[in-house]
Structure formats: C-alpha cells, structure tokens
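*Asks:* My structure is below; once you've seen it, I'll send some questions.
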Amino acid sequence: MLWTVGALGLLSVVGGLLQFAPIWHLLSTWLDPVDAPIAAPTSAQEWVTSVLAILVGLAGIGVAWAIYGAKRVRVPRSVRLFEKKFFWDELYDLIWYRTSDLVARGFYALVEAPLIGGSIAAVTGVVGLGSRELSVAQNGLVRSYALALASGLAILAVVFLAVR
C-alpha cells in the first residue's frame, strides 16, 4: 500500500503543479485558440490559495490527531442530521425510487399484464386449439394425407388463378 499511496501522492503533486499559474500559463496559452479561459489566476492568488489549503489540511490533521491519536480531546457527539447525511438517502428514496417503483407497478398492471400477457395467452390458446384440431387429422392413413395435400394444392391453384 505504501507504494500505491506514494505514487498517487506524487502524481497529485505533479497535477497540482501543472495547474499552478506560472506553469499552467504554457498549457493555457497552447489551448487559447481552442477554448479561451474565462478567468486566469495570478501567481499571488495561486500562492495564497495553496498556502491556505495546506494550512487548513494541517489543521484538520492536528484536530484528528488530538481527538484520535493523543486522545486529549473527547470525541464530539455526532449530530443526527450529519449521521443521516442530511437525510439525502431518504429524500432520494421518496422522490425517485418509490415513485419509479409505483410507475413500474402501474405499467405492469395496466399495460404489461393485460396487453402483453393477454396477447401471449391468446396466441398460445389459438396454437393449442389448432394443434388439438390438427391432431384429429393425424390418423396415420396415407389416403388422408394425400387428400389433404391435393386439397391444399387445389386451394392454392384457385387462389393463384383468381389473383391473376
């Protein structure tokens, strides 16, 4: 894990330096013809924000060390609003999950079950009825099969002559 974290740390430093105003200027100048920047920071602004970010990060490390490492400060009691993440999951569940589940159940009851399920049941019923009726014709006698074949050819001949 040390090598992985070290590589990520090094790459984040390189990425941070690429965005630093004096260094970033070369890249932004190269990209200007394609997409001109809306605002360009000065070097002083970059230094101030970088120093402030490092100080805030170090302060956070210090507070975490005082609470958890040295155990000098008692761990504060958590606030229910923060524990529940501002109740975002409950709100998301109410707005998106439950409503989409209700819509899906409605579509199933009003569309899928009667139309799709009903049409499949009707088709299988007709095929079942046809197969039951045709099974009566399957009696094993060659003369019955020859009669059916001749009748089919006669019907096709009449249809082709009528269409012409």
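*Asks:* How about region 116-141: which of its residues are assigned to a helix (DSSP H, G or I), more than 28 Å from the chain's Cα centre (by Cα) and of a type in the set (A, V, I, L, M)?
*Replies:* Ile120, Ala121, Ala122, Val123, Val126, Val127, Leu129, Leu134, Val136, Ala137
*Asks:* Pairs needed: first member in region 18-39, closer than 22 Å to Ser50 by Cα; second member anywhere, β-branched (Val, Ile, Thr); C-beta distance under 8 Å; at least 6 residues apart or different chains.
*Replies:* Listed pairs, sorted by first residue: Ala21/Thr42.
*Asks:* Considering every residue within region 73-84, establish whether at least one is in a helix (DSSP H, G or I), of a type in the set (D, E, K, R) and surrounded by 11 or more Cβ atoms within 10 Å (Cβ to Cβ).
*Replies:* No - not one qualifying residue is present in region 73-84.
Bear in mind that the values in this text are calculations on the coordinates, not laboratory data. Every value quoted in this text rests on a predicted model; they were computed, and no experiment measured them. All Cβ positions, glycine included, derive from the backbone under ideal geometry; neighbour counts span all protein chains shown.
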